[in-house]
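The values are calculated or read from the model by the stated rules, or taken from the named source; none is laboratory data. These numbers come from a predicted model, not from an experiment. Positions of Cβ are generated from backbone atoms using ideal geometry, with glycine treated the same way; all protein chains shown enter the neighbour counts. Keep in mind that these areas ignore ligands, DNA and RNA; they rest on the heavy atoms of the full protein, side chains included. Shrake-Rupley method; radii C 1.70, N 1.55, O 1.52, S 1.80 Å.
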Amino acid sequence: MTLHLADVTEEELLARIVPLLQGPDARVLVGPGDDTAWLTAGDGRYLATTDAMVRGHDWIDEWSTGEDVGHKTVAQNLADIAAMGGVPTGLLLTLAADPRTPVSWCEDLARGIGCAARAAGTSAVGGDLSGADAGTVMVSVTAFGSMEGRRPVLRSGARVGDVVAVAGTLGRSAAGWALLREERGAVAPDLVQAHLRPAPPLAQGPAAARHGAHAMIDLSDGLVRDAGRIARASGVVLALTTDLLHDDVAALAAVVGEEAALDCILTGGEEHSLLATFADEESLPQGWRVIGRVEDAGDTRGGMLVDGTPRSGGGWDHFDASR
Ligand SMILES: [Mg+2]
């Protein structure tokens, strides 16, 4: 018989999931169990970000386990901390769920959150539980982070003449999503895994900051779309060269075909790799590769070129009614 949320008290549920969320972290002075957590705040300044996932919108149970959802929501939040150049210092979790949700699903969620958090050197320090309408499950994670005394790397710092560089994979999450939709997941389980449990190169965020990155963002909504955000925030043009993406295309082409591979790389969302601009190639930390250059925007407000052709849009839009 399946145990549902309606069958257990809040205390019983917390007793099951809190141990799964935690890990040793000297920065957590008071963890779960009191009215709030008490955290050290680095140098007195801290990063804060939040990201929610809703069943049916951001995942479907047919493809994602609770553990997958936990991994992904932590990855989304911590990629944002990394994209500023910071390191995570703690997470808060809110779960609003239909009382008929299996308790085991919540334990899986907590296991995924705890596992992804510990891998990044942090843990969940508290949260909130709420009931929700039939069928509704919403998971929200709020992450805190420290710049360790540095300045954050903003989207607005790209300068004409910079190189555009990326750390991490490109297009793999979108390719995995395409395989799931086509019911061909067995062809490349590693790509499906990249979609269900993105593993951002979190350490590359602080590394880029230490190496003097001028601007940075994580690739949540597609390379062209997110690079466009740096371009407009900085008032420059980011000019990408697909020749420099040759290895990324080759890695996906065998599974999805060459044209779809390039499309996944340029417009695929939820990759959570890091995109940054640096003064020159010599400034790149190990693990970064050049994919383009920053050019003058002239009298435009800035934007994207791919092989010299203007590109905009593409990628993921949460409120796109055409899906
Ligand atoms: Mg982001």
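A few comments on the model shown:
- Dividing the mean sequence gap of close Cα pairs (under 8 Å, 6+ apart) by how many residues segment 56-145 holds gives a relative contact order of 45 percent.
- Here the contact order of segment 24-103, divided by its residue count and restricted to Cα pairs under 8 Å and six or more residues apart, works out to 24 percent.
- Per residue value of the accessible surface for segment 1-61 (all protein chains in place, 1.4 Å probe), Å²: 67
- Beta bridges per DSSP, both residues in segment 9-146: antiparallel share near 70 percent.
- A simple spin-label model places the labels of A52 and R301 2.8 nm from each other, with each point 7 Å out along Cα-to-Cβ.
- R0 of 41 Å, Cβ-Cβ distance D61-S312: FRET efficiency to nearest 0.05: 0.75
- Cβ-Cβ FRET estimate between L3 and T36, R0 fixed at 35 Å, reported to 0.05: 0.75
- The chain, relative contact order in percent, only Cα pairs under 8 angstrom and at least six apart counted: 21
- Think of a 1.4 Å ball rolled over the protein heavy atoms: segment 155-311 then has 42 Å² of accessible area per residue.
- Cα-projected label distance for E10 with L29, points at 7 Å along beta-carbon direction, nm: 2.6
- When both bridge partners sit in segment 85-201, DSSP labels roughly 60% of those beta bridges antiparallel.
- If you sort M1, M53 by accessible surface, 1.4 Å probe, largest first, the order is M1, M53.
- Only beta bridges with both residues in the chain are counted; by DSSP, about 75 percent of them are antiparallel.
- Surface share of carbon and sulfur [accessible, 1.4 angstrom probe, percent] for the chain: 51
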